[in-house]
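Chemist: Please see the structure below; I have some questions.
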Amino acid sequence: MPPSDQTPLSSPSIALGVCGGIAAYKAVEVLRGLQKSGCSVRVAMTRRACEFVQPLTFRALSGSHVVVDDYAPDNPDPIAHITFSQTADLLIVAPATANIIAKFANGIADDFLSSTYLACSSPVLIAPAMNTTMWEHPATQRNLQQLRADGVHIMDPDAGEMACGTIGPGRLSEPERIVAAALEILASSRSARAKDLAGERLLITVGATREEIDPVRFISNRSSGRMGYALAEAALKRGGEVTVIAGITAATPPSGVRIVQALSAEEMSQAVARERDNATVFIGAAAIADYRPTQRADQKIKKSKDSITLTLERTPDVLSQVAAPRANGMLVIGFAAETENVLDNAREKLHSKNLDAIIANDVTRDDSGFDSASNAITIITRNSSDPVELPLMSKSEAADRILDVIVGLRSTL
């Protein structure tokens with residue numbers, strides 16, 4: 001559904017949580033309003049919410065699986081509370097009951113929605129709905145005060161007649177007002193994100209290298225440079241100063257980015273050595289060949305034998321060369337393109353090369369990885385035991401998620 005003329009946002013992703021209460025039916029209108037504004041919406045429901053509106057309703061409208069219990073046999077994602085929250089630009093809970101508000105405020109994670117809240121790194125908007133006495137109770141007001149202090153956006157309920165006959169504040173705010181508030185938060189979040197790399201100088205390696213065997217043949221790989229260029233473009237939009245050291249690429253470099261060409265591993269090593277002292281963030285997205293021929297033939301090797309033997313030697317380890325001598329708070333981010341034991345191999349690389357974070361991806365997948373417009377990645381940081389596993393998404397979206405992690409790492413230094 002195309003965006004409305006009133007919103008500048010391009011396909012933001014919304015996670016909508018629905019709690020048990022008579023106002024749950026209004027969440028359908030919230031979902032539809034968000035879709036009409038150009039948002040994609042996925043829905044999570046508490047068990048009690050299912051007694052008022054069936055998950056099938058939200059599934060039919062959203063086109064996505066509705067999560068109630070992440071341990072349910074039909075749940076397609078074994079770590080849904082992580083991927084559901086980490087891939088959302090905004091988490092909305094409407095209606096939010098007194099019970100879920102209390103859980104959020106006190107860090108209780110005993111169901112899917114409360115676990116999702118704790119795993120969420122995006123803005124959160126909650127729209128409470130409950131009996132007036134429950135709304136005005138000191139415990140509820142205390143919990144709301146805590147959530148506001150935690151940065152949660154609260155949309156106070158409207159006053160009016162409740163389903164129970166009580167008159168006063170407690171009715172769920174009108175769906176169009178919830179949608180308007182959500183769009184405003186998204187716009188503000190996008191504006192803040194657009195400036196969050198100001199002052200950072202990013203050095204990004206991109207593409208594949210070629211290690212020549214003779215004037216005609218070479219050793220290389222399938223890297224297209226799409227992911228590296230997506231990172232460069234996203235970083236530039238977010239206020240960063242970007243230099244790219246590019247090997248062989250099949251993608252178009254973004255305008256406004258300084259490009260340094262380096263075709264072999266040795267050339268890339270030398271270029272990185274020249275540029276690294278000016279960088280505050282290094283991202284090793286290039287697929288640098290690990291080995292090269294010990295000798296390059298001056299002339300084309302003729303097809304005169306049934307077989308030939310090539311002797312190979314290690315190429316410079318560019319990532320280690322950057323990570324070892326770094327100073328002045330430089331962040332070093334690596335990539336691990338793996339075909340087996342993806343997470344274990346990525347973790348080993350993270351620690352052995354002294355990186356701040358590593359981006360792991362399974363390059364055996366047909367729908368992501370090398371020379372694909374999409375990627376399914378896992379982000380592992382040095383000080384976190386829980387990796388952030390992201391589902392299949394465009395490389396532009398993946399780039400912003402990676403940069404979000406870099407911004408978070410910077411804030412801890």
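Bear in mind these aren't lab numbers, they're just calculated from the coordinates by the rules spelled out. Keep in mind the model is a prediction, meaning the values are calculated, not measured. Glycine gets a Cβ as well: all are built from the backbone with ideal geometry, and neighbour counts include every protein chain shown.
Chemist: How would the chain be classified by its alpha-carbon gyration tensor: rounded, prolate or oblate, with rounded meaning a/c under 1.5 and the a/b versus b/c comparison settling the rest?
Modeler: Working: a/c = 2.65, a/b = 2.36, b/c = 1.12.
It comes out prolate by the Cα gyration axes.
Chemist: If packing is taken as the average number of other Cβ atoms within 10 Å across a peptide's residues, how do 231-241, 103-113, 117-127, 304-314 rank, most packed first?
Modeler: Values: 231-241: 22.2, 103-113: 17.5, 117-127: 20.3, 304-314: 8.4.
Ranked by mean Cβ neighbours within 10 Å, highest first: 231-241, 117-127, 103-113, 304-314.
Chemist: Can you give me the relative contact order of the stretch 86-196 as a percent, contacts being Cα pairs under 8 Å and 6 or more apart? Walk me through the intermediate numbers first.
Modeler: Values: 159 pairs, mean separation 30.3, N = 111.
Relative contact order for the stretch 86-196 comes out at 27 percent.
Chemist: What's the angle, to the nearest 10 degrees (0 to 90), between helix 26-36's Cα axis and the longest principal axis of the chain?
Modeler: For 26-36 against the chain, the angle is about 40 degrees.
Chemist: Using a simple spin-label model with points 7 Å from Cα along the Cα→Cβ vector, what separation in nm is obtained for residue 222 and residue 137?
Modeler: Computed distance between label sites residue 222 and residue 137 equals 5.8 nm.
Chemist: I need the phi-derived Karplus couplings for the stretch 286-302: 6.51 cos²θ - 1.76 cosθ + 1.60, θ = phi - 60°, integer Hz, Gly and Pro marked x.
Modeler: Computed from phi, the couplings for the stretch 286-302 are 6, 9, 7, 4, 7, 9, 9, x, 5, 9, 9, 6, 6, 10, 4, 6, 7 Hz.
Chemist: Follow-up question, since we're still on this one. Under 13 Å from the Cβ of residue 143, count the other residues' Cβ atoms, weight Lys and Arg +1, Asp and Glu -1, and hand me the total. Let's see the in-between values first.
Modeler: On the way: positive: 103, 142, 148; negative: 136, 150.
For residues surrounding residue 143, the net value is +1.
Chemist: Same structure again: Output the pairs from 302/349; 195/353; 195/395; 353/395; 36/395 with a Cα-Cα distance over 28 Å in this structure; if there are none, say none.
Modeler: Values: 302/349 39 Å; 195/353 30 Å; 195/395 20 Å; 353/395 25 Å; 36/395 25 Å.
In this structure, 302/349; 195/353 lie more than 28 Å apart at Cα.
Chemist: For the chain, take the longest principal axis of its alpha carbons; what is the angle in degrees between that and the long axis of helix 175-193, to the nearest 10 within 0 to 90?
Modeler: 30
Chemist: Give the Debye-formula value of log10 I(q)/I(0) at each listed q (0.10 Å⁻¹), with one equal scatterer per alpha carbon of the stretch 188-325, two decimals each.
Modeler: Debye intensities relative to I(0), on a log10 scale: -0.39.
Chemist: Here's something else I'd like to know. Of the residues 151, 284, 207, which exhibits the maximal mean-square fluctuation in a Gaussian network model of the chain defined by a 10 Å Cα contact cut-off?
Modeler: Ranking 151, 284, 207 by mean-square fluctuation puts 151 first.
Chemist: Still on this structure, I have one more. Compute the whole-percent fraction of alpha carbon pairs in the stretch 336-391 spaced more than 17 Å apart. Don't skip to the end; give the middle numbers.
Modeler: Numbers: 499 of 1540 pairs.
Result: 32 percent of Cα pairs exceed 17 Å.
Chemist: Express in whole angstrom the spacing between the alpha-carbon centres of the stretch 302-360 and the stretch 122-180.
Modeler: 52
Chemist: What is the sum of charges, Lys and Arg at +1 and Asp and Glu at -1, for the other residues whose Cβ falls under 10 Å from the Cβ of residue 374?
Modeler: On the way: positive: 226, 365, 395; negative: 367, 397.
With Lys, Arg at +1 and Asp, Glu at -1, the net is +1.
Chemist: Right, another one. Evaluate the stretch 9-168: find the radius of gyration of its Cα atoms, find its Kirkwood radius, and give the ratio Rg to Rh.
Modeler: Rg/Rh: 0.95.
Chemist: Give me the orientation-averaged projected area of the Cα convex hull of the stretch 112-241, in nm², one decimal. Present the calculation step by step, with values, prior to reporting the outcome.
Modeler: Numbers: hull surface 52.6 nm².
Result: a mean projected hull area of 13.2 nm².
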